[in-house]
Amino acid sequence: MNHTAIRSSFIDYFKAQQHTLVAPSNIIPGDDPTLLFTNAGMNQFKDVLLGREKRSYTRAISVQPCMRVGGKHNDLDEVGRDGRHLTWFEMLGNWSFGDYGKEGAIQFAWDYVTKHLQLDTSKLYISVYKTDDEAYALWRKIAGLPESQLVRLGDIDKGDEENFWSMGPTGPCGRCTELYYDQGEALFGHDVVGGKTDRFLEFWNLVFMEFNRDEAGAFNPLPMLSVDTGMGLERITAILEGKSNVFDTSLFAPFIDHVAQLSGRSPTGEAQTAMRVLADHARALTFSLADGGQFDRAGRGYVLRRILRRALLWGQKLDFKQPFLCDLVDKVIEVLPFYQLDGATVSRVKNAIRGEEEKFFETLDRGIVFFGKAADKAASKRIDGEAAFQLHDTYGFPIDLTRILAEERGYTVDEQGFEAALDAQRARSAAAADFHDKGGWTILQDGVPGEFAGHGAAATGSTKVLQYRVRDDGIIDLLLSATPFYIESGGELADYGQLTGAAGLVLEVTDVRKTAQGVTHTATLKSGAIEALAKDNTLSAVVDTQRRADKARHHTATHLLHAALREILGTSVKQAGSMVDANRLRFDISFDRALTPDELSTVEAWVNDRVRRATPVRHLPDMPMKEAEAMGALAFFGDKYGDRVRVIDVPGSSVELCGGNHVMNTGEIGLVLIVAEEAVGAGVRRIEAVVGASAVAYAQEQRASLRSLARQLSVPLQAVPGRIEKLQQDIKDKEAALKKALRSGGGLDTAALLSGAVVKETVRLAVMDAGAMDAEFLTSAVEKLRSDHPDLVVVLLADGEEDKGLVIIGVGDAAIQAGYSAGKFAKDIGGVLGAGGGGKPPFARTGFKGMKAAEALPKVRGVLGI
């Protein structure tokens, strides 16, 4: 049974047990700040498990792509070194939300693996948490396993979280029971369940979600007992295909064979490890970029960059010296047809990977040279932490790449020193740090922070402060029992407004967002004392409705902009991010080139045509997802949707799933102006626009600037473009004339240079400070002088930017015959000026820094001996 048959078998079995098949989450989490990537099938059900959200079903299944490359679950460094760790993998999961409990979960699991997958029961082993007597007894009852195939593991009190699962440092968690398959003593030697080898391969984890772990580490009971299971597709495929290594299965073997053919290397030894790394990393990059991920200098974008660079370093071991990962994307899709990617997405992913490869290859060789120098200087075969940091900061080497290079030499890396240098850099950027990771909360009342009251609710209301804290800069964060403020999500920024309370307390709300703590309101104190909340924690909330209305105009305009782009550029255009504020909007799309001015004008005209039509906008707040899909509603990057959704429909123009604020009629938008279009990454373009009053203000500013320009040019407004074009041509003509003059010696006082020459036997030596002449002109002047005066040695110095300068040396043919060499002069002059230098006898160059040409001139004269 191969991986395709296993997926189908799993889905069919649980559908027969009244489970609803749920679409997987995007690999890029849309609204969970605690996650870099979706790392488990339960991520999309987090709010259901916490009791914050209800679905129309209580039993569910999904096939969820996962990434584990950061935080608590980080498998990156292990990939390729063993037979089971992967960065991107598929999780087959079934869930119960207050429906069946431990007995049902264990019954389903045992029934499926023994009757449908027909695994040998003598090779199945089970682990349970050390104190979970109920699960232990159920396995004895349902499976009839002997005690020799049942083990107890884990001790949370001692920091051993074996058989205790959590998605991160906070959130839903609970005890679990795991299924293992004995791959045999002959392959792995003697070992035990949970041991050091892969003999007992864990392939299915049944988690009993009982608690919500808070920031303080306390375990708070969840409102209901739920079941969350996850079976690794790659591992169960290995078991059923009789392989002891996931990389030997039908999921990876075709890919590894393909890389072996491309490289001309056999998949053995270090080459085999490299091919496994490439197979895994190519999958991870392909699907995370397809889901909207982007390479960046921080956050998940940096993790993707780190994966790519790790792959390139391993590719070097297969003698790949030019971009190659981008060409492996097609093979990934061929091996995994379950995940359908359209041609435009595949092209975007390839272009993004190629762009990153080209950038890294530019610095890779220099980084390896730097590493070699650091290794030569290393004491006790240990790479200095500061050197490791410089490799990271200057050459883009993540620490694991440095570790790999060090291990090849039998060296280690001072990772504590590296982290110290990295921490120092982070401290310098502390202002940009996410304050939501810090503590210091004052608890006034128990309760779960309230969600947004909804679009139909009043913009005012009474609420209770559950918790608050005062940051070092005086900013205040509050958790409220209820809120009328729109929470930042779906690209739209939060509502602003005021919170007022007893004793003259007034707080200005400047942000509202979901954090690990719950819905968090950020505010500044306008009057009163925050301590007054200790006596009376009731506040009146008032939303700034003007700001909300302005955001609504920009948000609906964003939908129209997206529709226009798809209409004019093609439906391959995909949203890659957005930002909606009260005075501007930003919209990112997957597109591999700049839009032309004509295209931008056409898009803008299309949008404004829809605005002028004054079409009523339909707000459909509670529609089944299947109905929304049937009417053509689009779902986009990073957003998370349940089985019932909100649809914003501009009839005849746009239909999207969206939870944000929108106008009731497109005529309310007024005017839309595109103000900028630029690249923000490989294959991603950003369009910025202003709407309504902001658009009018922008147009007025532009007109004022044009009027001012017309006055300065002394022409009518309509004649400004022609006048500027003529001035530009005049400048080009004058620059060309100047270049011609300089090439013929103009701009340089040749007479003074030659009259000041010092004669040594049959040769004249002349040196001059040429001022700020650039390299092209300086070179032309030297070439002409040495050509016109064969007996001349000429040295010209010129100032550059930031106390850097250039020295050009020319030697005529007769002077060369007399034994003079420009190359030797360049080396000697560079030596005294603190620079390298060299060249051939007739022509050479060097430079200087930290001084001006006037300061360097006496030193050059000294070298020439004049």
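The values are calculated or read from the model by the stated rules, or taken from the named source; none is laboratory data. Being a predicted model, the structure only gives us computed values, none of them experimental. Cβ coordinates were reconstructed from backbone atoms using ideal geometry, including for glycine residues, and neighbour counts include every protein chain displayed. Just the protein is used for accessible areas: all its heavy atoms, side chains included, with ligands, DNA and RNA removed. Shrake-Rupley method; radii C 1.70, N 1.55, O 1.52, S 1.80 Å.
Computed values, structure above
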read-out: Radius 14 Å from Cβ of Gly301, net charge of other residues (Lys, Arg +1; Asp, Glu -1); value: +2
read-out: For the chain, alpha-carbon Rg over 2.2 N^0.38 Å; value: 1.18
read-out: Taking all pairs of distinct alpha-carbon atoms in region 220-340, Kirkwood radius in angstrom; value: 16.0 Å
read-out: C-alpha long axis of helix 545-569 to longest principal axis of the chain, angle in °; value: 70 degrees
read-out: Cβ-based net charge around Gly385, under 10 Å, with every Lys or Arg adding one and every Asp or Glu removing one; value: -4
read-out: D (Stokes-Einstein, µm²/s), Kirkwood Cα radius, region 485-532, 1.306 mPa s at 10 °C; value: 139 µm²/s
read-out: Solvent-accessible surface (1.4 angstrom probe) belonging to Phe188, in square angstrom, nearest 10; value: 60 Å²
read-out: Cα radius of gyration and Dmax for region 394-522 (Å); value: 21.3, 69
read-out: Charge-dipole axis of the chain as Lys and Arg at +1 and Asp and Glu at -1 on Cβ define it, positive-most pick from Gly343, Ala424, Ile816; value: Ile816
read-out: Descending Cα extents along the principal axes, region 772-839, whole Å; value: 38, 24, 13
read-out: Whole-angstrom gap from region 1-17 to region 563-603, using each part's C-alpha centre; value: 40 Å
read-out: Largest to smallest accessible area among Lys626, Lys141 [probe 1.4 Å]; value: Lys626, Lys141
read-out: Contour minus Cα-Cα distance for Ala23 and Glu103 (0.36 nm per residue); value: 26.2 nm
read-out: Region 82-204, Cα convex hull volume normalised per residue, Å³; value: 141 Å³
read-out: Lys, Arg +1 and Asp, Glu -1 on Cβ, resulting dipole of the chain about Cα centre, debye, nearest 20; value: 1860 debye
read-out: Hits among lysines - C-alpha to C-alpha of Lys849 under 21 Å, sequence gap 8 or more where chains match; value: Lys804, Lys824, Lys827, Lys859
read-out: Stretchable slack from Ser244 to Glu210, in nm (0.36 nm times residue separation minus alpha-carbon distance); value: 8.8 nm
read-out: Ile731/Asp296 FRET efficiency (R0 30 Å; Cβ-Cβ; nearest 0.05); value: 0.15
read-out: Largest to smallest accessible area among Phe247, Phe295 [probe 1.4 Å]; value: Phe295, Phe247
read-out: For region 711-866, diffusion coefficient by Stokes-Einstein and Kirkwood Rh (Cα), 10 °C, 1.306 mPa s, µm²/s; value: 94 µm²/s
read-out: Heavy atoms of Arg548: accessible area, 1.4 Å probe, square angstrom to 10; value: 40 Å²
read-out: Heavy-atom SASA rank of Glu802, Glu162, Glu407 (probe 1.4 Å, accessible area, largest first); value: Glu802, Glu407, Glu162
